[in-house]
1. Identify, by number, the condition in (1) without any contact (Cβ under 8 Å) to a residue 24 or more places away in the chain; (2) touching a Phe, Trp or Tyr at 6+ places or on another chain (Cβ under 8 Å); (3) within 25 Å of residue 45 (Cα to Cα) that residue 174 doesn't meet.
2. Does residue 124 count as among the charged types (D, E, K, R), surrounded by fewer than 17 Cβ atoms within 10 Å (Cβ to Cβ) and either without any contact (Cβ under 8 Å) to a residue 24 or more places away in the chain or farther than 30 Å from residue 189 by Cβ (or both)?
3. Just give me the residues in segment 198-249 being β-branched (Val, Ile, Thr) and either modelled with pLDDT under 90 or touching an Asp or Glu at 6+ places or on another chain (Cβ under 6 Å) (or both), in sequence order.
4. Of all residues being part of a loop (DSSP other than H, G, I, E, B), surrounded by 15 or more Cβ atoms within 10 Å (Cβ to Cβ) and not charged (D, E, K, R) in segment 31-58, which is modelled with the lowest pLDDT? Just the residue, please.
5. Does residue 117 satisfy being among the hydrophobic types (A, V, I, L, M, F, W, C), under 21 Å from residue 273 (Cβ atoms), modelled with pLDDT of 90 or more and out of contact with any His (no Cβ under 7 Å at 6 or more places or on another chain)?
6. In segment 213-317, which strands (runs of 3 or more DSSP E) lie fully inside it and hold 1 or more residues that are free of Cβ contacts under 8 Å to residues at least 24 places away in the same chain?
7. Only one residue in 161, 154, 182 is closer than 22 Å to residue 293 by Cβ and exposed (fewer than 14 other Cβ atoms within 10 Å of the Cβ), so which one is that?
Amino acid sequence: MDPQIKPWCGEIDAAVRVIDLVEEALPITQKNDRSRAIEILRLRQKNFQKGTFLVWIDNQVQGFVMLSKTGSPDVTDVAGIVHPNYHRRGIGRALLAKALNVLKDRSVSGKLRGVAFESNPSGRHFLENHGFEATDKQVWSELSTEATDSPWAQSKLRKIQSGPLQFLGGHQLRTIRDDWLQAWWRLVMSTAADIPSRVTGPDVSFDDWKKWMESPGVDQSHTVIALDGSEPIAVLRLGQLTDGKVNIHYTGVHKSYRRRGLSMALKLKAIGLARKLGAHTVVTQNHQDNPMLDLNRRLGFIEFNSMTEYVRQLDMD
């Protein structure tokens, strides 16, 4: 049967299949709750509710393309996968054409951004052969929670903890101040602006961030926050425990408190939290130019994969 490309119209079975395709192609990514499949896709196709297309072959979804709008006005994200059994049939090219037509109809200009993992060479080759140029690279590293914490790191953590700063879980911040969510959001936005990148990062509104923070997939107790008095000055957030692994989704230290060992302290606190959650491995990602990579190596993290960001100028279309 010839492939048919149709828009996704909210079908639950199709949403589950899209998540299956992603996790089969990228086993290092965090597993998702299939009961939340529609919610997950709706969140990821933000501002492009009609920008997701599915490839149907023999009544089963065997590929997809999805557009989403980041907080950056000149960047649109595109994600897509075709099942390996159907590579080299022009399906990926047809899906990309569908996405580009949507952008053209909406008069969207600027940059189209996609990503591909080192472990998935077909994805890299596709982007490179369709007008995308490599820009940034995120390095993936992992650490066994059975590893002994470095003595120098433990010593530095004890020194920090003997000072005025305190560490607590994200769910405890509400007991410190009434505007705890706003304070948390301000810290994340200010630190995210300093993350190395050749493409402007998202500027997330407080309302969107609050909605995401209160969603079922976010556990606020998986976050470690450092306080100076009642002011949050550093944060590290862990994801959900999946197959014995937990991912460090975000680490940020306010620029006025950097070079004091807080990133290292947060990492040790997070590793301890991961142990309590029952994780055997902690995974993290860092930009290739981020000094955090050196800290990770000193703490024993081992690099095992990388994700390259690619950009295509939409003006050329």
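1. (3)
2. No.
3. 199, 200, 204, 218, 242
4. If we take residues in segment 31-58 being part of a loop (DSSP other than H, G, I, E, B), surrounded by 15 or more Cβ atoms within 10 Å (Cβ to Cβ) and not charged (D, E, K, R), then 32 is modelled with the lowest pLDDT.
5. Judged against the criteria, residue 117 is not a match.
6. In segment 213-317, 245-253 are the strands (runs of 3 or more DSSP E) which contain 1 or more residues that are free of Cβ contacts under 8 Å to residues at least 24 places away in the same chain.
7. Unique residue meeting the criteria: 154.
Residues checked against (1) modelled with pLDDT of 95 or more; (2) more than 18 Å from the chain's Cα centre (by Cα); (3) of a type in the set (Lys, Arg):
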| residue | (1), (2), (3) |
| --- | --- |
| 251 | no, no, no |
| 259 | no, yes, yes |
| 287 | no, no, no |
| 295 | no, yes, no |
| 300 | no, yes, no |
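The values are calculated or read from the model by the stated rules, or taken from the named source; none is laboratory data. On a predicted model such as this, the values are computed, not experimentally measured, just so you know. We place every Cβ from the backbone using ideal geometry, glycine too, and count neighbours over all the protein chains shown.
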